[in-house]
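**Student:** Attaching a single structure in structure tokens format; questions to follow.
The values are calculated or read from the model by the stated rules, or taken from the named source; none is laboratory data. Because the structure is predicted, anything quoted here is derived from the model rather than measured. Cβ atoms come from the backbone with ideal geometry, glycine included; neighbour counts cover every protein chain shown.
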Amino acid sequence: MKFAIGVSYCGAGLEGWQSQPSGNTVQDHLARALSEISGEPVAVTGAGRTDAGVHASAQVAHFETSVERPESAWVRGANSLLPDGIAVQWATPVAGDFHARYSALSRTYRYVLYNHPVRPALLAGRTGWFHLPLDLERMRKAVVCLVGEHDFSSFRSAECQAKTPVRIMQSAGIRASGAYFLFDFTANAFLHHMVRNIVGCLVYVGKGNRPPQWISELIAAQDRRLAAPTFSADGLYLFEVRYDARWSLPAFPPMMPFDLETWR
């Protein structure tokens with residue numbers, strides 16, 4: 001039997017999604033919990049490989065097992081064995097050809113940025129921070145340059161192992177509420193550190209260091225050395241993974257106040 005599961009997690013204190021020798025990753029914790037529930041070794045495959053410190057409100061994964069358990073065992077049972085910062089939200093049986101990563105149509109990442117002279121306290125580790133004022137309209141003019149099929153080499157980390165830097169950015173936008181900015185990016189796939197590098201460049205535009213058209217110039221240059229430094233992982237969330245309706249995957253409940261429609 002193959003199951004798809006929906007997972008949310010706080011990345012603070014974790015070494016990302018991908019399994020590591022330390023065992024302190026989301027994939028490792030899930031595999032141990034699900035293996036204990038099933039009584040046999042279980043391998044877990046995720047839709048996106050988030051980095052250390054990056055969060056997810058809607059990660060999707062799949063696993064296979066030869067044993068029968070009630071679906072509640074894969075949720076409440078697994079959660080009783082997981083750290084507080086990781087929670088399975090739902091579990092559902094899927095056809096054998098479903099693959100959490102390769103069946104995904106798109107992924108959406110959201111970056112939450114606190115723009116205030118004083119660093120955040122209550123949301124420390126869960127939101128990025130920038131201390132100088134940012135101009136929303138300047139950043140909005142810049143972000144539209146990202147939409148479309150591009151070579152995103154200027155926003156790709158040196159450690160990226162993707163076979164090609166070409167990605168299709170389906171949508172990109174910025175909203176604000178008070179001192180908070182939401183940066184939303186939807187693409188067929190993302191490069192290593194791509195969103196954090198883009199946010200760093202948009203902040204340069206927002207604070208007036210670069211004009212909005214600089215983003216287009218960076219895309220054309222295909223040179224990471226010309227772009228801004230990688231922004232903090234603290235405010236980055238895997239926010240949505242979209243699949244064809246035929247898989248009938250459950251919806252995720254709202255995870256954060258950042259999901260609320262109170263933004264301009």
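**Student:** Inspect all residues belonging to the range 219-226 and state whether any of them is at pLDDT below 95 and in contact with a Ser or Thr (Cβ under 7 Å, 6 or more places away or on another chain).
**Tutor:** So far as the range 219-226 goes, no, none of its residues is at pLDDT below 95 and in contact with a Ser or Thr (Cβ under 7 Å, 6 or more places away or on another chain).
**Student:** Within the range 201-213, work out how many residues are buried (at least 19 other Cβ atoms within 10 Å of the Cβ) and touching a Cys at 6+ places or on another chain (Cβ under 9 Å).
**Tutor:** The number of residues fulfilling the criteria is 2.
**Student:** Does the range 91-106 contain any residue that is over 30 Å from G206 (Cβ atoms) and free of Cβ contacts under 8 Å to residues at least 40 places away in the same chain?
**Tutor:** Yes, there is a match, as at least one residue in the range 91-106 is over 30 Å from G206 (Cβ atoms) and free of Cβ contacts under 8 Å to residues at least 40 places away in the same chain.
**Student:** Restricting to the range 21-70, what's the tally of residues that are touching a residue at least 60 places away in the same chain (Cβ under 8 Å) and in a helix (DSSP H, G or I)?
**Tutor:** Here the count works out to 1.
**Student:** If you go through the range 1-16, how many residues are at positive phi and either crowded, with 20+ Cβ neighbours inside 10 Å or within 13 Å of the chain's Cα centre (by Cα) (or both)?
**Tutor:** Matching residues across the range 1-16 total 1.
**Student:** Mind listing whichever residues of the range 174-210 are within 19 Å of A233 (Cα to Cα), in contact (Cβ under 8 Å) with a residue 40 or more places away in the chain and assigned to a loop (DSSP other than H, G, I, E, B)?
**Tutor:** Result: A179, A189, F190, H192, H193.
**Student:** Mind checking whether some residue in the range 252-264 is among the hydroxyl-bearing types (S, T, Y) and either at pLDDT 95 or above or assigned by TED's automatic domain parsing to the domain that holds S72 (or both)?
**Tutor:** The answer is no; no qualifying residue exists.
Here's the yes/no breakdown for (1) among the acidic types (D, E); (2) more than 17 Å from G200 (Cβ to Cβ); (3) outside any strand (DSSP E or B):
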residue: Y114; (1), (2), (3): no, no, no
residue: V118; (1), (2), (3): no, yes, yes
residue: A121; (1), (2), (3): no, yes, yes
residue: A124; (1), (2), (3): no, yes, yes
residue: W129; (1), (2), (3): no, no, no
residue: L132; (1), (2), (3): no, no, yes
residue: A142; (1), (2), (3): no, no, yes
residue: E149; (1), (2), (3): yes, yes, no
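**Student:** Could I ask something else about it? Just checking, which of S38, S22 is farther than 17 Å from E240 by Cα, buried (at least 19 other Cβ atoms within 10 Å of the Cβ) and of a type in the set (S, T, Y)?
**Tutor:** Step by step, each of S38, S22 is checked, and only S38 is farther than 17 Å from E240 by Cα, buried (at least 19 other Cβ atoms within 10 Å of the Cβ) and of a type in the set (S, T, Y).
**Student:** Output the qualifying pairs, or none if there are none: Cβ atoms under 7 angstrom, residues six or more apart or on different chains, first residue in the range 113-141 and in contact (Cβ under 8 Å) with a residue 24 or more places away in the chain and hydrophobic (A, V, I, L, M, F, W, C), second residue surrounded by fewer than 15 Cβ atoms within 10 Å (Cβ to Cβ) and assigned to a loop (DSSP other than H, G, I, E, B).
**Tutor:** Qualifying pairs under 7 Å: W129/R119.
**Student:** Take A104 and tell me if it is farther than 22 Å from H192 by Cβ and either outside any loop (DSSP other than H, G, I, E, B) or modelled with pLDDT of 95 or more (or both).
**Tutor:** no
**Student:** If you check every pair at least six apart or on different chains, which have Cβ atoms under 9 Å apart with a residue in the range 211-229 that is of a type in the set (G, A, S) first and a residue that is assigned to a loop (DSSP other than H, G, I, E, B) second?
**Tutor:** Qualifying pairs under 9 Å: A221/A227; A228/N209; A228/R210.
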